[in-house]
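Peer 1: To start, I am sharing the structure in question, which I have written as structure tokens.
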């Protein structure tokens, strides 16, 4: 069994760390809010005061952070994981949804220190993380990925390699940008249907037959409950949309729909709804009428 340092215990990270514990690994965890580690500690994890301490003598360090700034802090801060005493050839596995330029920078630093870097964002909701049913989108050297597969198995049901470092993140950003466009479009369709006098339950049921995203968010929009069981906040959706659009712009790709979705989620956050479920967008459209 391996010694693993796990950084970031949000709903996704907590489920993933728990899977590693259940697989018999020795897991040391770090989170900026230490209270979130209590359940994992009671299950056998060790709580570290800093990312550096979590990475001490680790065979692998796995991070699941909210954005570039949070990722940078836990890896490269004064007490960051890369300042620690990792096992030579250890894996540095970044599972966060972050920008491709930061992935490349982090990978360069990790490689310079003799670590094997895996660009490995995930797809799946918190329940899938807790059940070990995520899909990993990987950018890595094929030999590094093959060596890491046994370590990654408790986390996922599928691993898809898209190419070298940065490719996994590029795909994840495009998938999430596609999702942002679908969510914004679903909200607009429901608002127009409402104004046209259609029965929204029938609209949502019919949309659900053609789009899994519309099925997921449409039912929440119909229920109108956006302040509990939050799978993805408006702030996180805005961040993912922004870095997805930035990727499109960086490669001179078309991004008209991405920019439109970014504008809608930016308005959602500016309206003060950033901490609520991304589905709150339907109420924002109503407020703007």
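Peer 1: No solvent, one uniform scatterer per C-alpha: report log10 I(q)/I(0) for the range 77-159 via the Debye equation at q = 0.12, 0.15, 0.16, 0.20 1/Å, two decimals.
Peer 2: -0.36, -0.57, -0.65, -0.96
Peer 1: Between residue 69 and residue 266, how high is the FRET efficiency from 1/(1 + (r/R0)^6) when r is the Cβ-Cβ distance and R₀ = 25 Å? Nearest 0.05.
Peer 2: About 0.85, to the nearest 0.05.
Peer 1: If you restrict to DSSP beta bridges whose two residues both lie in the chain, what percentage is antiparallel, to the nearest 5?
Peer 2: 15
Peer 1: What Kirkwood hydrodynamic radius, in Å, does the range 111-260 give when the mean of 1/r is taken over all pairs of distinct Cα atoms and then inverted?
Peer 2: Radius from the Kirkwood sum: 17.4 Å.
Peer 1: Modelling each spin label as a point 7 Å along the Cα-to-Cβ direction, I'd like the residue 157/residue 76 distance in nm, to one decimal.
Peer 2: Roughly 3.7 nm, to one decimal.
Peer 1: Report the calculated FRET efficiency for residue 227 and residue 39 (r = Cβ-Cβ distance, R0 = 35 Å), to the nearest 0.05.
Peer 2: 0.95
Peer 1: Only counting other Cβ atoms within 10 Å, I'd like 228, 149 sorted with the fewest neighbours first.
Peer 2: Listed from fewest to most nearby Cβ atoms, that is 228, 149.
Peer 1: Would you kindly compute the Cα radius of gyration of the range 3-165 and its largest Cα-Cα separation (Dmax), both in Å?
Peer 2: Values for the range 3-165 (Cα only, Rg and Dmax): 13.9, 39 Å.
Peer 1: For the chain, take every pair of Cα atoms, bin their distances at 5 Å starting from 0, and report each bin as a whole percent.
Peer 2: Pair shares across the bins are 1, 6, 12, 16, 17, 15, 12, 9, 6, 3, 2, 1, 0.
Peer 1: Can you work out the FRET efficiency for the pair residue 178 and residue 57, with r the C-beta to C-beta distance and R0 = 30 Å, to the nearest 0.05?
Peer 2: Using R0 = 30 Å, I get an efficiency of 0.15.
Peer 1: Also, quick follow-up: Extension gain residue 206-residue 164, at 0.36 nm per residue separation less the Cα-Cα distance, in nm?
Peer 2: Computed gain between residue 206 and residue 164 is 11.1 nm.
Peer 1: I would also like to ask the following. What does the range 174-289 give for Rg and for Dmax, in Å, if only its C-alpha atoms count?
Peer 2: Answer for the range 174-289, Rg first and Dmax second: 13.8, 43 Å.
Peer 1: Helix-only mean residue ellipticity at 222 nm, the chain, DSSP H runs n ≥ 4 weighted -39,500 (n - 2.57), per residue, nearest 500. What is it?
Peer 2: -16000 deg cm²/dmol
A short reminder: the numbers here are calculations on the coordinates, not readings from a lab. Everything numeric in this text was worked out from a predicted model, so none of it was measured. Neighbour counts run over all protein chains shown; Cβ positions are idealised from the backbone, glycine included.
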